[in-house]
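The values are calculated or read from the model by the stated rules, or taken from the named source; none is laboratory data. Please read all numbers here as calculations on a predicted model, not as lab measurements. Please note: Cβ atoms are built from the backbone with ideal geometry, for glycine as well, and neighbour counts cover all protein chains shown.
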Amino acid sequence: MKILLVEDARSVSALMAARLSVFGYEVLIAENGKIAVELFQKLAPDLVLMDIEMPVMNGFEATNHIRSIEAMQQWAWTPIIFLTASDTVENLVTAIEAGGDDFIPKSVPESVLRAKMKAMVRIANLRRQLSAANRKLDELANLDGLTGLCNRRSMDLRVDLAWHNAVQHEASFGLLMLDIDNFKKFNDCYGHQAGDECLRRFAREIADVIDRMNAKQDKQDAFAARYGGEEFAVILPGVSMESYTNVASTIVEAIPQLAIPHKENAHWGIVTVSIGGVRFDVASGSIATLFRSADERLYLAKNKGRNCAVID
Ligand code: GH3
Ligand code: MG
Ligand code: MG
Ligand code: MG
């Protein structure tokens with residue numbers, strides 16, 4: 001376990017560091033609050049022991065900084081214990097009010113220091129387990145179990161937000177609806193397991209196309225989702241006409257290039273996709289209209305013979 005010891009008095013920090021090392025902890029030393037905040041960000045300690053009176057930046061200010069850094073990450077929390085000159089009720093209240101979790105007088109007996117460290121480590125470990133479990137729950141609630149893309153639920157939430165934002169800023173907005181061609185026959189021919197693997201491979205390819213597009217434009221706005229079954233959606237907030245057309249044609253071409261055999265798929269003999277798309281230069285009206293138009297165009301693409309995109 002890594003402990004960040006923040007203390008300007010060399011004699012105190014040397015003594016404390018020696019004791020903590022004997023307990024088996026790795027000790028990092030900062031001689032003022034400013035250095036402590038820097039080390040905190042760089043080295044992510046498991047616990048902080050913080051002096052109060054220090055030059056450059058005092059312990060309360062440094063704690064404040066650390067807590068605001070943690071506020072930007074969900075579930076982040078590192079125990080901070082203040083080192084005080086004396087063991088008084090006022091010191092305890094001030095320490096907790098300042099965002100600390102406890103305080104220890106610098107003259108603390110070794111056994112008390114050891115016990116307090118143990119208690120804090122226990123809480124920190126529980127907290128870490130809790131945050132991992134919460135992250136897992138978030139993932140389960142928002143990602144499609146088979147493909148790892150956004151599921152329908154999280155897509156709906158994200159789309160609503162992105163659409164609202166686009167309408168407010170009179171920005172452009174694009175939507176592509178993707179549907180794998182003759183996929184029922186794929187399952188009938190190769191089995192459901194192979195069908196699942198095909199969906200996974202398909203989803204990975206779509207995600208790659210979107211990642212490349214986001215990287216090229218230096219944004220993270222576009223995303224793909226599993227709409228349901230063998231249907232997927234690609235959401236393109238703020239997309240230019242050129243990128244919109246590009247993404248659609250890239251996907252239509254990329255899927256056959258995966259060369260997944262599908263002998264029942266018309267004359268191609270490999271897996272293909274049909275796409276219906278719509279793009280607004282200036283977003284307005286309801287998002288439902290957007291989905292309806294994309295769906296109608298997807299139907300047109302199927303009627304045109306599949307393995308193509310109808311996007312205008
Ligand atoms: P079209 O070209 O008109 O889209 O024909 P299609 O056969 O793809 O369309 P249809 O809607 O008739 O069939 C969709 C199939 O997708 C039926 C279903 O078995 C399959 N499917 C849906 N979800 C899953 C899944 O999670 N795993 C597997 N393996 N198959 C799925
Ligand atoms: Mg001091
Ligand atoms: Mg379908
Ligand atoms: Mg289909």
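Determine, yes or no, whether Ala222 is in the same structural domain as Ala171 (by TED's automatic domain parsing), in contact (Cβ under 8 Å) with a residue 24 or more places away in the chain and under 18 Å from Asp295 (Cβ atoms).
For Ala222, the condition - in the same structural domain as Ala171 (by TED's automatic domain parsing), in contact (Cβ under 8 Å) with a residue 24 or more places away in the chain and under 18 Å from Asp295 (Cβ atoms) - is not met.
Tally up the residues in region 218-248 that are under 16 Å from Asp281 (Cβ atoms) and not charged (D, E, K, R), please.
Residues meeting the conditions: 9.
Return only the number of the condition from (1) modelled with pLDDT of 90 or more; (2) under 27 Å from Arg135 (Cβ atoms); (3) not in a strand (DSSP E or B) that Ile35 does not satisfy.
(2)
What residue, of Glu264, Glu230, is more than 20 Å from the chain's Cα centre (by Cα) and farther than 23 Å from Gly148 by Cα?
Criteria check complete, one pass: Glu264.
Look through Asn182, Asn187 and report the one residue that is without any contact (Cβ under 8 Å) to a residue 60 or more places away in the chain, over 15 Å from Asn246 (Cβ atoms), away from ligand 2 (no atom under 16 Å from the Cβ) and not small (Gly, Ala, Ser).
Checking each option against the conditions leaves just Asn187.
Only one of Ala95, Ala14, Ala62, Ala36 is touching a Leu at 6+ places or on another chain (Cβ under 7 Å) and either more than 19 Å from Ala124 (Cβ to Cβ) or crowded, with 16+ Cβ neighbours inside 10 Å (or both). Can you tell me which?
The match here is Ala36.
Quick test for you: out of Phe202, Phe291, Phe280, pick the one residue that is within 16 Å of ligand 4 (Cβ to nearest atom) and in contact (Cβ under 8 Å) with a residue 60 or more places away in the chain.
Residue meeting the stated conditions: Phe202.
Please specify each residue of region 255-267 satisfying the condition of being modelled with pLDDT of 95 or more, of a type in the set (A, V, I, L, M, F, W, C) and within 11 Å of Asn307 (Cα to Cα).
Ile255
Would region 86-104 turn up any residue that is among the polar types (S, T, N, Q), more than 30 Å from Glu231 (Cα to Cα), in a helix (DSSP H, G or I) and modelled with pLDDT under 95?
yes
Away from ligand 4 (no atom under 16 Å from the Cβ) and more than 28 Å from Leu140 (Cβ to Cβ): is that true of Asp211 in this structure?
no
Which ones in region 38-73 are part of a loop (DSSP other than H, G, I, E, B) and among the charged types (D, E, K, R)?
Asp46, Glu53, listed by residue number.
For region 67-77, state whether one or more residues are crowded, with 17+ Cβ neighbours inside 10 Å, without any contact (Cβ under 8 Å) to a residue 40 or more places away in the chain and of a type in the set (A, V, I, L, M).
no
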